[in-house]
Amino acid sequence: MRKGHAMTARELINRGTQELAGRGVADAETDSRLLFCHLTGVSRSRLFMEYPRKMTDTEIAAYKALIRRRGTGEPLQYIVGETEFMGLLFRVDSRVLIPRPETELLVEKALELLKGFSTKSEQGSPSASGEPATAGEPVAATRQNPLGSRQPVRILDCCCGSGAIGLSVAALAEMPVRVICTDISSDALDVARENARNLLGAVMSRTEGFVESDEPESDGSSGASRRRGWGDKNRGKVEFLWGSFLEPVAGKRFDMILCNPPYICDEVIPTLQKEVREHEPMIALTGGADGLEPYREMIPQLARHLTAGGIAMFEIGHDQGEAVANMFTETGEFEPAQVMRDLAGRNRIVWTRRRYPQSAV
């Protein structure tokens with residue numbers, strides 16, 4: 001570059017693209033642009049308007065530092081500190097696994113199944129006998145009305161990480177829910193709490209988890225979600241518990257248990273992309289020799305944590321559908337499990353219901 005020539009934004013982005021491509025980054029051009037937007041606060045839709053702008057030495061140095069981090073394999077999401085999931089913005093860093101788009105299938109199915117839970121106890125709602133209930137009469141749980149007159153729906157997000165699953169359900173559900181998020185990593189729970197504050201406008205109570213916030217609505221992502229009508233009824237209805245798998249919820253029952261456990265086989269870990277194996281938390285990835293250890297530990301215990309008709313739903317590896325479905329069958333407590341495929345045609349979700357007692361059918 002000739003002496004005295006100030007570098008423009010476009011030239012800087014092009015140099016960033018070349019460096020990332022030279023280091024083997026697959027989406028070098030996209031990542032270089034996103035890092036520029038992150039640094040300058042310019043939106044992607046207005047980036048082209050910045051191209052002619054002369055960059056300062058401070059900006060150039062800061063941008064080069066970001067490019068170097070991405071060039072070493074550090075995930076883009078960790079560098080910018082956030083990622084989108086279910087249309088919501090989640091804080092992420094090296095303490096938590098980055099939420100994947102395929103996990104949205106689990107949330108979408110959970111929201112669909114939630115519509116089958118009735119939370120009304122009004123006159124005309126079905127009673128345990130199947131006849132309309134009189135006004136004020138408690139409504140018993142049945143196959144047609146799994147909650148009876150009780151509300152809200154009680155949901156567990158086990159191995160919650162950033163809270164992407166549980167918080168998305170709380171934000172997007174069209175009925176009252178109460179969510180408990182558990183994780184063995186206290187660092188991950190700190191990230192999930194921050195996401196709850198941002199998305200649900202909640203503050204921390206030392207004894208009860210998250211409660212309603214009296215703070216005015218901000219201009220951040222949580223305010224945007226509320227303006228779109230998401231999560232108003234469920235603001236603050238989230239609690240966080242530390243511990244391994246189901247240990248933190250001993251003695252508790254739920255209407256829905258959702259889980260994205262670590263399920264990658266030990267021998268597969270060295271073959272993962274550099275961004276994953278060197279930067280994301282290994283505790284959120286490894287599922288033992290065959291990747292099935294978390295399912296073996298949890299599934300035999302699930303019935304004692306689910307109400308009759310309650311739903312259990314797990315994310316799985318693409319080759320684990322049959323094995324996990326069989327684990328549910330072996331308990332004798334669940335209806336035949338269903339395996340769902342993601343958009344790539346790979347097995348991704350296994351879900352089932354706890355059987356109803358004969359008298360409730």
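Since GLU322 meets every condition but one in (1) part of a helix (DSSP H, G or I); (2) charged (D, E, K, R); (3) open to solvent by less than 20 Å² (accessible area, probe 1.4 Å), which condition does it not meet?
(3)
Residues in the stretch 338-347: is at least one free of Cβ contacts under 8 Å to residues at least 40 places away in the same chain and in contact with a helix residue (DSSP H, G or I) (Cβ under 6 Å, 6 or more places away or on another chain)?
Yes, that holds for at least one residue.
Please find, among THR56, THR142, THR103, the residue that is at pLDDT 95 or above and in contact with a strand residue (DSSP E or B) (Cβ under 7 Å, 6 or more places away or on another chain).
Values: THR56 fails: in contact with a strand residue (DSSP E or B) (Cβ under 7 Å, 6 or more places away or on another chain); THR142 fails: at pLDDT 95 or above.
Result: THR103 is the single residue among THR56, THR142, THR103 that is at pLDDT 95 or above and in contact with a strand residue (DSSP E or B) (Cβ under 7 Å, 6 or more places away or on another chain).
For residues that are in a helix (DSSP H, G or I) and not hydrophobic (A, V, I, L, M, F, W, C), scanning just the stretch 93-117, find the one that is surrounded by the most Cβ atoms within 10 Å (Cβ to Cβ).
The residue in question is THR103.
Quick check on my filter: what residues within the stretch 264-294 are open to solvent by less than 40 Å² (accessible area, probe 1.4 Å) and either in contact with a strand residue (DSSP E or B) (Cβ under 7 Å, 6 or more places away or on another chain) or not in a helix (DSSP H, G or I) (or both)?
As a first pass, look at the stretch 264-294 and keep what is open to solvent by less than 40 Å² (accessible area, probe 1.4 Å): 264-265, 269, 272, 276, 280-281, 284-285, 287-288, 291-292, 294.
Within the stretch 264-294, ILE264, CYS265, ILE269, LEU272, GLU280, PRO281, LEU285, GLY287, GLY288, GLY291, LEU292 meet the criteria.
Given the conditions (1) open to solvent by 50 Å² or more (accessible area, probe 1.4 Å); (2) out of contact with any Cys (no Cβ under 9 Å at 6 or more places or on another chain); (3) at pLDDT 50 or above, report the number of the one that ILE184 does not fulfil.
(2)
Hey, any hits in the stretch 296-318 for a residue that's surrounded by 17 or more Cβ atoms within 10 Å (Cβ to Cβ), farther than 22 Å from ARG100 by Cβ and among the hydroxyl-bearing types (Ser, Thr, Tyr)?
yes
Any residue at all in the stretch 72-92 that is open to solvent by 40 Å² or more (accessible area, probe 1.4 Å), hydrophobic (A, V, I, L, M, F, W, C) and at pLDDT below 95?
No: the stretch 72-92 contains no residue that is open to solvent by 40 Å² or more (accessible area, probe 1.4 Å), hydrophobic (A, V, I, L, M, F, W, C) and at pLDDT below 95.
Residue check: is ILE349 in a strand (DSSP E or B) and either touching a Pro at 6+ places or on another chain (Cβ under 8 Å) or under 22 Å from GLU247 (Cα atoms) (or both)?
No: the conditions fail for ILE349.
Any idea how many residues of the stretch 5-51 are part of a loop (DSSP other than H, G, I, E, B) and open to solvent by 90 Å² or more (accessible area, probe 1.4 Å)?
Residues of the stretch 5-51 part of a loop (DSSP other than H, G, I, E, B): 5-7, 23-27, 41-43, 51.
After this cut, where a residue has to be open to solvent by 90 Å² or more (accessible area, probe 1.4 Å) as well, the list is 23, 26-27.
Qualifying residue count for the region: 3.
Within the stretch 332-361, count every residue that is of a type in the set (Val, Ile, Thr) and surrounded by 17 or more Cβ atoms within 10 Å (Cβ to Cβ).
Applying the first criterion (of a type in the set (Val, Ile, Thr)) to the stretch 332-361 yields 339, 349-350, 352, 361.
Remaining after also requiring surrounded by 17 or more Cβ atoms within 10 Å (Cβ to Cβ): 349-350, 352.
So the answer is 3.
The values are calculated or read from the model by the stated rules, or taken from the named source; none is laboratory data. Please read all numbers here as calculations on a predicted model, not as lab measurements. Cβ coordinates were reconstructed from backbone atoms using ideal geometry, including for glycine residues, and neighbour counts include every protein chain displayed. Note: accessible area is taken over every heavy atom of the protein model, side chains too, but ligands, DNA and RNA are not part of it. Shrake-Rupley method; radii C 1.70, N 1.55, O 1.52, S 1.80 Å.
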